[in-house]
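Worksheet: the structure to be examined is printed underneath.
The values are calculated or read from the model by the stated rules, or taken from the named source; none is laboratory data. Please read these numbers as outputs of a predicted model, since none were measured by experiment. Don't worry about glycine lacking a Cβ; one is built from the backbone with ideal geometry, like all the others, and counts go over all protein chains shown.
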Amino acid sequence: MSAHTDRFTLQTRGKGTYEITDRIQAIVAASGIENGTVTVFVRHTSASLVIMENADPSARQDLEAFFDHLVPEDTPYFVHTYEGPDDMPSHIRMALTRSSEVIPIMSGRMVLGTWQGIFLFEHRRAAHQRQVAVAVVGE
């Protein structure tokens, strides 16, 4: 059993989804691990990870619109608004999604479905630098 870890920083332009599939696959390839799992973790409380359709961008636009509707900004009863009206909504959106994903590896490649991609889901309006940690375990 072997383990390989890495991390990278992603610059976002604000709210939206940013595909990181190729960056994760490059780390898997560099690990030399043929069969196992890769764990991807975003180190923030106002961004998350999602596995989502990567063929048609309108699917991600609909996801983003749904979350804007589900957890609207400027909600009058939110107390935690120190960093602006998107502060608490971004934390709730993160809590409703995931901060990590685990994907199987077979023959040195992630076993994602045909239309699946791994995305960082930025919940803040302003641009941010997001840190992503990756651990590959297997043989």
Item checked: Ala47 modelled with pLDDT of 95 or more and more than 11 Å from the chain's Cα centre (by Cα) -> no
Next item on the list: May I ask you to list the residues in region 33-75 that are in contact with a Phe, Trp or Tyr (Cβ under 9 Å, 6 or more places away or on another chain), outside any helix (DSSP H, G or I) and closer than 15 Å to Ala95 by Cα?
Entry: Val42, Ala47, Ser48, Leu49, Val50
Note to self: Just the residues that are within 14 Å of Gly16 (Cα to Cα) and within 15 Å of the chain's Cα centre (by Cα), please, taken from region 111-126.
What the structure shows: Ile118, Phe119, Leu120, Phe121, Glu122, His123, Arg124
Margin query: Pull out all pairs, ordered by first then second residue, where Cβ-Cβ is under 6 Å, the residues are six or more apart or on different chains, the first lies in region 110-139 and is at pLDDT 95 or above, and the second is acidic (Asp, Glu).
Written below: Trp115/Glu53; Gly117/Glu19; Phe119/Glu19; Arg124/Asp86; Arg125/Asp86; Val134/Asp6
Checklist line | Selected residue (only one of Ala29, Ala65 is among the small types (Gly, Ala, Ser), modelled with pLDDT of 95 or more and within 27 Å of Arg109 (Cβ to Cβ)) | finding: Ala29
Notebook entry, point to check: Mind checking which residues of region 1-28 are exposed (fewer than 13 other Cβ atoms within 10 Å of the Cβ) and either in contact (Cβ under 8 Å) with a residue 12 or more places away in the chain or within 12 Å of the chain's Cα centre (by Cα) (or both)?
Noted result: Met1, Ser2, Ala3, Thr5, Arg7, Thr9, Gln11, Arg13, Gly14
Next item on the list: Out of Pro72, Pro104, report the one residue that is closer than 13 Å to Val136 by Cα, modelled with pLDDT of 95 or more and either in contact with an Asp or Glu (Cβ under 7 Å, 6 or more places away or on another chain) or not hydrophobic (A, V, I, L, M, F, W, C) (or both).
Entry: Pro104
Note to self: List pairs: first residue in region 78-94 and surrounded by fewer than 14 Cβ atoms within 10 Å (Cβ to Cβ), second residue not basic (Lys, Arg) and not in a loop (DSSP other than H, G, I, E, B) anywhere in the structure, Cβ distance under 9 angstrom, at least six positions apart or on different chains.
What the structure shows: Val79/Met88; His80/Asp87; His80/Met88; His80/His91; Glu83/Ser90
